[in-house]
Amino acid sequence: MTRLSQFLARNWAVLLLLALWQGWVSLAGLNSIVLPAPWPVLRDVLSHPALYLANAAQTLATAAAGVAIGLALGALVAVAAWASRLLAGMLTPLGLIFSSVPVVALIPILARLLGYDISTVVAIVAVSAFFPTFVFVGAGLKDLPRGADDLFGVLGASRAARLRHLVLPATVPNLMIALRITVPEGVLAAILAEFLMGRSGLGFMFREAASRFAMERALGTSLVVTVAAVLCFSLAHRAERVVRTRWS
Amino acid sequence: MTQATPDAIRLDSVSKSFRLDDGNSVTALEGIDLGLREGEFVAVLGPSGCGKSTVLRLIAGLESASTGEVRIEGRAPSQLAAAHRLGVAFQDHALLPWLSVAQNIALPYRVAGTKVDNARVDALIELVGLTGFRDARPSQLSGGMRQRASIARALVLDPDVLLLDEPFGALDAVTRRHMNVELQRIWSTRTLTTLLVTHSVDEAIFLADRIIVMTGRPGRILREVTVPFPRPRDPSVLRTPEFHAMVDELTLALEPEEAAL
């Protein structure tokens, strides 16, 4: 009983949404081409597990590769800007400008530059992850524990030792913030890129299904996308929390 | 001041002024002449804002003198730091929050790029009374324990010069007295040239061989007092009439306006 009430307390919003969805479809008597009911959508997912899993796995792998590249490059460029005042002057305004450009606007440009295949999708995700990482890691490199700067001064630390033993470890919590922000964004960027220019993955699957009015398939894809994005976000959120406790 | 042996640390007519954001400058120190013999424990005593921490920062090489000269063993302070021969404990412990106690104490080895001497790290953990906490992280320690770890870190490379910048300033009175007794015990195990900056008269008298009393705005040396109590000093010294007389004398020296009342 307590378990059931706990479940209801946590998920009432989702259940309400499902109820409204079902209610709307039943009361308005909507055709399944306009809007299918929840159960047929779920049935389509459950009866084609291999198809959904394969596409979800591809989208997640693309997003993961893109986020990994974006995080690595963002952190690397932030460190380069830390190490050189000249680079910092060049990169910081550029980073701020580009981080406020929406991904949607970049997709056609990158697709034109790199071609219409999966590596372009990875590149788009990487770009979407690069700028937040650059900004957050850059801020983290300057946010040192109190007194640490003086401490490394009296320890006679070289610039390399300072980077390795103070600046890089100090920025790890900010890197985790960047991860928490870029992971869900990366999943969405991957789906968006697949939707607009892809040949496979969940984004393409949605577009393909919607174009032939297979609405159970299209909404099933949306459902899988939602679940995947929520899972990725909560995993990244949890990872950030674990690191933050370890670091303070 | 002339000595038979040359001073380990010398400040010759040092002054220091800071430029403020509004373009004006403020004189923090003026005409400071100070010498520390090798192995001597000197306390710089003064009210807050008298520039005593600036004296320590000059010796640590964290600031440079506006006029005059600071020399440690005849060389510039920054050279001592670069040679990893300087141990400093700050008021805010400056322990790195992501490292354990043992890793924090071993940090000077890593920064110097030498192999960590784990036996020495463990010995220091025992010396400062943190046995059993070697794998704890700073956030899990009390304020007094963090300061002990910070002092152990200052001692780990066996420095030539130890600088203590109000290391117990943030502690309550009881813990502070306890830490003073501990520091006196630790210092007795190996005599090294030490400068302690403090605003506590008791602390200065209990720990130091010589006390420099400073006055503020601009920071100048008011007087010098030699502490007569023999070493090693037992905490019972704190209860003798001579100790109390000296505390009263220096307290008055710090607050001359109160003498007129």
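The values are calculated or read from the model by the stated rules, or taken from the named source; none is laboratory data. This one's a predicted model, so the numbers in the text were calculated from it and none came from an experiment. Positions of Cβ are backbone-derived with ideal geometry, glycine not excepted, and every protein chain shown enters the neighbour counts. All accessible areas refer to the heavy atoms of the entire protein, side chains included, with ligands and DNA or RNA removed. Shrake-Rupley method; radii C 1.70, N 1.55, O 1.52, S 1.80 Å.
Summary table
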| item | result |
| --- | --- |
| Meets criteria (open to solvent by 20 Å² or more (accessible area, probe 1.4 Å) and at positive phi) for B:H93 | no |
| Filtered residues of the stretch B:163-175 (kept if open to solvent by 30 Å² or more (accessible area, probe 1.4 Å) and not in a loop (DSSP other than H, G, I, E, B)) | B:A173, B:V174, B:T175 |
| Every residue from the stretch B:41-58 that is at pLDDT 90 or above and among the charged types (D, E, K, R) | B:R57 |
| Residues that are within 14 Å of chain A (Cβ to nearest Cβ) and either part of a loop (DSSP other than H, G, I, E, B) or over 22 Å from the mean Cα position of the chain (by Cα) (or both), drawn from the stretch B:87-108 | B:F90, B:Q91, B:D92, B:H93, B:A94, B:L95, B:L96, B:P97, B:W98, B:L99, B:S100, B:Q103 |
| Which listed residue, of B:V116, B:V111, B:V197, is within 14 Å of chain A (Cβ to nearest Cβ), open to solvent by less than 50 Å² (accessible area, probe 1.4 Å) and without any contact (Cβ under 8 Å) to a residue 12 or more places away in the chain | B:V116 |
| Every residue from the stretch B:51-75 that is over 15 Å from B:G31 (Cβ atoms) and of a type in the set (D, E) | B:E63, B:E73 |
| Pick from the stretch A:125-142, criterion aliphatic (A, V, I, L, M) and open to solvent by 20 Å² or more (accessible area, probe 1.4 Å), ranking: nearest to A:W82 (Cα to Cα) | A:A139 |
| Check on A:F152, farther than 30 Å from B:L80 by Cβ and crowded, with 20+ Cβ neighbours inside 10 Å | no |
| Unmet requirement for A:R212, which otherwise passes all of (1) charged (D, E, K, R); (2) touching a helix residue (DSSP H, G or I) at 6+ places or on another chain (Cβ under 6 Å); (3) farther than 26 Å from A:F130 by Cβ | (2) |
| Test result for B:A83, over 15 Å from the mean Cα position of the chain (by Cα) and in contact (Cβ under 8 Å) with a residue 12 or more places away in the chain | no |
| Selection count where residues are over 20 Å from the mean Cα position of the chain (by Cα) and open to solvent by 50 Å² or more (accessible area, probe 1.4 Å), scope the stretch A:73-88 | 5 |
| Pick from the stretch A:165-190, criterion within 14 Å of another protein chain (Cβ to nearest Cβ) and of a type in the set (V, I, T), ranking: surrounded by the fewest Cβ atoms within 10 Å (Cβ to Cβ) | A:V172 |
| Selection count, the stretch A:1-35, where residues are in a helix (DSSP H, G or I), open to solvent by less than 70 Å² (accessible area, probe 1.4 Å) and not aliphatic (A, V, I, L, M) | 4 |
| Selection from the stretch B:200-237 of residues that are touching a Ser or Thr at 6+ places or on another chain (Cβ under 6 Å) and within 20 Å of B:P47 (Cα to Cα) | B:V201, B:A204, B:R210, B:P218, B:L222 |
| The stretch B:122-141, residues that are within 20 Å of A:A148 (Cα to Cα) and either within 21 Å of the chain's Cα centre (by Cα) or aliphatic (A, V, I, L, M) (or both) | B:A136, B:L141 |
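Here is a yes/no grid of residues against (1) in a helix (DSSP H, G or I); (2) within 30 Å of B:L99 (Cβ to Cβ); (3) within 14 Å of chain B (Cβ to nearest Cβ); (4) under 13 Å from the mean Cα position of the chain (by Cα):
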site	(1), (2), (3), (4)
A:L163	yes, yes, yes, no
A:L192	yes, no, no, yes
A:L196	yes, no, no, no
A:L219	yes, no, no, no
A:V225	yes, no, no, yes
A:V230	yes, no, no, yes
